[in-house]
Each structure stands twice: as structure tokens, then as C-alpha cells.
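**Student:** Below are the C-alpha cells for one structure; questions will follow.
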Amino acid sequence: MMTNPMSDELTIVLMAWRKRRTNHRLLFGKPIKQIRLDWQRSLAVFNPGDIFAYERWEANKFGTQFWSISIAQAGGVGDELIALAGVKPGAKLLAQRRGSDACKSFFSVLDMMREHQPLCRYQPAEWRVIGHRMNAGINPKYVLNDLKVTH
């Protein structure tokens, strides 16, 4: 059976790159299909329940203007989804950080997590805990306490 890449059951993520201007990319996640639109843009297609990290970075001649990292779970028909730029029809948001300093500290947490196991193996509840702790301003080296992640 062939999967329709534009099915209502699937989540589509836009990836785009323009040197020193735009970088919208997956940090992790296993799409069921990738569709190349042109040399700067492609689409990643996810099944319901798949977890992925989506980074959106934009700059101009003055430097970084927008930076966000979202850990999301692809939803299915009937799920309540959050509208995320570049993600259609939306996704379940598990964790999100915005701004240069917040994204840099989130990368350090992701690096510590990656040392323990591949990022795609963490469960939605673990991502929510990490997101809440990051939003509460907990020092990144303590965010992973109680999650049995060594650092």
C-alpha cells in the first residue's frame, strides 16, 4: 500500500536553507519520506506519534533575528495540535525554546541526552519534563536530574 504524502494522517515539516539567512532543519527524527522541492527546500513526512526536533533560525545583515527549537510529536486526525510555523497541519508540542541564549542552553542539554541514548528514544513525558525545567530556568546541567541520564 502506497502512502499519500499529503494525507490528513501525516505531518509535513518544511526544511529550508539559505546561506547566512535561513536554516529550518530537523535536529532528529525519522521521517517516513523526504521530498526535495528544490535545492533550498525539502519536506519531511512523519506518521502520527513520531517525535522530531525542528530548528528554525533566521538572520539578516545584523545577525540572528529569530531562533527556536521545538520538540514535537506528529498527531493524527482528531488530535489537538499546536500550530507551528513550517509544520502542517501542526503537532503536539513537547518542549520549545526561543531566543539565542535559550537555544544554546537547549543544545547543551540535547548533547548530554545524546550521550545517554539516541534522542529519538526519549518518551513524550520525558520531553515535557525537560521542557518545563528549561522554561523554569533550571541550570542545564541539572535539567536531567531524576531522568536517569548520566552527565
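What follows is calculated from the coordinates using simple rules that are stated; it is not laboratory data. Source: prediction; values computed, not measured. Positions of Cβ are generated from backbone atoms using ideal geometry, with glycine treated the same way; all protein chains shown enter the neighbour counts.
**Student:** Kindly indicate whether Cys103 is more than 19 Å from Lys30 (Cα to Cα), under 13 Å from the mean Cα position of the chain (by Cα) and touching a residue at least 40 places away in the same chain (Cβ under 8 Å). Walk me through how you get there before you give the answer.
**Tutor:** Values: more than 19 Å from Lys30 (Cα to Cα): yes; under 13 Å from the mean Cα position of the chain (by Cα): yes; touching a residue at least 40 places away in the same chain (Cβ under 8 Å): yes.
Judged against the criteria, Cys103 is a match.
**Student:** Continuing with this model, one more query. Collect the residues in region 109-133 that are surrounded by 13 or more Cβ atoms within 10 Å (Cβ to Cβ) and more than 15 Å from the chain's Cα centre (by Cα), keeping them in residue-number order.
**Tutor:** Hits for region 109-133 are Met112, His116, Val129, Arg133.
**Student:** Now a separate question. Where the second residue is of a type in the set (D, E, K, R) and assigned to a loop (DSSP other than H, G, I, E, B) and the first is in contact (Cβ under 8 Å) with a residue 40 or more places away in the chain and on the phi < 0 side of the Ramachandran plot and lies in region 18-46, which pairs have Cβ atoms under 9 Å and are six or more apart or on separate chains?
**Tutor:** Listed pairs, sorted by first residue: Lys30/Asp50.
**Student:** Among the candidates Val77, Val13, which residue alone is surrounded by fewer than 17 Cβ atoms within 10 Å (Cβ to Cβ), over 27 Å from Ile138 (Cα atoms), in contact (Cβ under 8 Å) with a residue 40 or more places away in the chain and hydrophobic (A, V, I, L, M, F, W, C)?
**Tutor:** Val77
**Student:** Looking at (1) surrounded by 15 or more Cβ atoms within 10 Å (Cβ to Cβ); (2) part of a helix (DSSP H, G or I), which is the one condition that is false for Leu94?
**Tutor:** Unmet condition: (2).
**Student:** So which residues in region 106-151 are touching a residue at least 40 places away in the same chain (Cβ under 8 Å) and not in a helix (DSSP H, G or I), if there are any at all?
**Tutor:** Across region 106-151, the qualifying residues are Pro118, Tyr122.
**Student:** Something else: At least 3 residues that are more than 23 Å from Glu126 (Cα to Cα) in each: list the strands (runs of 3 or more DSSP E) lying fully within region 1-87 that qualify.
**Tutor:** 11-18, 22-28, 33-36, 41-46, 51-60, 63-73
**Student:** Also, quick follow-up: Quick check: anything in region 108-116 closer than 19 Å to Ala16 by Cα and out of contact with any His (no Cβ under 9 Å at 6 or more places or on another chain)?
**Tutor:** Within region 108-116, not a single residue is closer than 19 Å to Ala16 by Cα and out of contact with any His (no Cβ under 9 Å at 6 or more places or on another chain).
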